[in-house]
Every structure is written in C-alpha cells, then in structure tokens.
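**Student:** This is the structure I have questions about; it appears just below.
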C-alpha cells in the first residue's frame, strides 16, 4: 500500500488498512498509532490525530509515549491550534517524558506563530540548553519572529 503524506486518498487507504488490522487479529501497537497520527500531523489534521490517540488510550488501553506527544504537538501547530500544542507539551512533561529537539522545536514553532516574543525566547533558550546546537529551523523561526515584530 502506498501512503502519501498530505494525500487525502492515501490517508484514507492508510486508515482502512489500520482498521483492518484488528479484523485479521493483528493488534496495533503504540508505534502503529504514532505512524498514523504523524501522517495526520504533517497535514495539519489535528482532529484526526486526536481521534487516533483517543482510540489508542480509551479503546486499546495503550498509553501515549513521547513520540505520541510529539505528533500531537506537530498536528496542533500545523492546524494552528497553538494553545493545544502547548497543552500537549505540558501534558508530556507531566507524564514524565523528557522533551527532545523535536518536542522543543514544536513548542517554539507554536510560540513563534503566535508572535509571543518572551515565551519564544524562553523556549529557544531551553532548546539551546537541551541540545548541542539548535537546528537552522529553530534559528529561522526566531529570525522570522523578530522580523515580524520589528526587532
């Protein structure tokens, strides 16, 4: 099966295949749910990602892992649900998962899109203290934020 990120038909095929797994006795793992949620996240389909994780925790009894939270953060950012992205990050921290570069950049992205300079700067500093060198993407987010705010 060919699944193209951002291609609605491909996503529908992936979802059908996902649903068929249980019918044939192959039960999805947290990784299976994460793959599907990541595909939705890339397309900004945050509601679909929420449904996947709700199904994972409520129906399958599988708890989110760090990658699950990263997918949610990305889905919310891509879907312009910035407050929800920050809430997912806080829930991740409460669940005792240590954020990595992807997590921290996801929240930085939310703050930069929202145009909040102080929070963006704090998040960038946390990113700097957590990774050896922030990615060029993180620097570009900050540059864009400062340019939009005449700094």
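The values are calculated or read from the model by the stated rules, or taken from the named source; none is laboratory data. Because the structure is predicted, anything quoted here is derived from the model rather than measured. Because the Cβ atoms are built from the backbone with ideal geometry, glycine has one as well, and the counts that use them run over all protein chains shown.
**Student:** Determine, yes or no, whether residue 52 is in a helix (DSSP H, G or I), under 23 Å from residue 144 (Cα atoms) and more than 11 Å from the chain's Cα centre (by Cα).
**Tutor:** no
**Student:** Which residues, taken from region 55-82, are in a helix (DSSP H, G or I), free of Cβ contacts under 8 Å to residues at least 24 places away in the same chain and more than 20 Å from residue 13 (Cβ to Cβ)?
**Tutor:** Once the filter is applied, which keeps residues that are in a helix (DSSP H, G or I), free of Cβ contacts under 8 Å to residues at least 24 places away in the same chain and more than 20 Å from residue 13 (Cβ to Cβ), region 55-82 yields 57, 58, 59.
**Student:** Inspect all residues belonging to region 46-57 and state whether any of them is farther than 24 Å from residue 98 by Cβ and touching a helix residue (DSSP H, G or I) at 6+ places or on another chain (Cβ under 7 Å).
**Tutor:** yes
**Student:** Out of 75, 60, 110, which single residue is surrounded by 15 or more Cβ atoms within 10 Å (Cβ to Cβ) and at pLDDT below 90?
**Tutor:** 60
**Student:** Applying the selection to region 8-29, what residues are at pLDDT 85 or above and surrounded by 15 or more Cβ atoms within 10 Å (Cβ to Cβ)?
**Tutor:** Within region 8-29, just 28 meets the criteria.
**Student:** Okay, next question. Step by step: first the residues of region 83-127, then only those that are touching a residue at least 12 places away in the same chain (Cβ under 8 Å) and not in a helix (DSSP H, G or I), then the one that is nearest to residue 66 (Cα to Cα). Which residue is that?
**Tutor:** Ranking the qualifying residues of region 83-127, first place goes to 97.
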